[in-house]
């Protein structure tokens, strides 16, 4: 099932989907927006997603569980290996249930200690939030895997979204937008 947001892409989508099987992508006739969420990257800088990433299209990879990191890494490796980081902002957003500030500081410190690369720290924005409301806003049914979103440059409009590790076929769809 596929979800596209803009009418001008329907033809491209129909041509693409007729040539491939892609059960990781959804389609909808309505325009959806990614909710504005606040967090800190692992360099301790406050960020608002997607508002602070408007200079080019944005790929947001949302994770819910610690073991999702391998799935996130596979997706980012595919994107960066195909130079998507030169044309898109790419961020990962670990989502964690809102808790007390001390616990949040501790978890951020643990994640920061495990990641030495400044580039990765910059793109990792931890969001402590009401996970149920967040999932409802984005029609995310469960936390069993990662979810990714392609956001239109200068906006919060979701152009494309998918479930699980980004595939080569999905990479082609992202490129075509």
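The values are calculated or read from the model by the stated rules, or taken from the named source; none is laboratory data. This one's a predicted model, so the numbers in the text were calculated from it and none came from an experiment. Neighbour counts are summed over all protein chains in view; Cβ atoms, including those assigned to glycine, are modelled from backbone coordinates with ideal geometry.
Here are some notes:
- Considering residues of region 112-129 that are part of a strand (DSSP E or B) and touching a helix residue (DSSP H, G or I) at 6+ places or on another chain (Cβ under 9 Å) only, the residue surrounded by the most Cβ atoms within 10 Å (Cβ to Cβ): 124
- Residues in region 155-172 that are part of a helix (DSSP H, G or I) and either touching a helix residue (DSSP H, G or I) at 6+ places or on another chain (Cβ under 6 Å) or more than 20 Å from residue 32 (Cα to Cα) (or both): 168, 169, 171, 172.
- For region 112-138, a tally of residues being in contact (Cβ under 8 Å) with a residue 24 or more places away in the chain and under 16 Å from the mean Cα position of the chain (by Cα) returns 14.
- Filter result for residue 42 (in contact with a helix residue (DSSP H, G or I) (Cβ under 6 Å, 6 or more places away or on another chain) and either more than 19 Å from residue 148 (Cβ to Cβ) or at pLDDT below 95 (or both)): yes
- Among the strands (runs of 3 or more DSSP E) confined to region 37-111, the ones with at least 2 residues that are in contact (Cβ under 8 Å) with a residue 40 or more places away in the chain, under 24 Å from residue 173 (Cβ atoms) and under 12 Å from the mean Cα position of the chain (by Cα) are located at 58-63, 89-97.
- Among (1) part of a loop (DSSP other than H, G, I, E, B); (2) in contact with a helix residue (DSSP H, G or I) (Cβ under 8 Å, 6 or more places away or on another chain); (3) modelled with pLDDT of 95 or more, the one test that residue 144 misses: (2)
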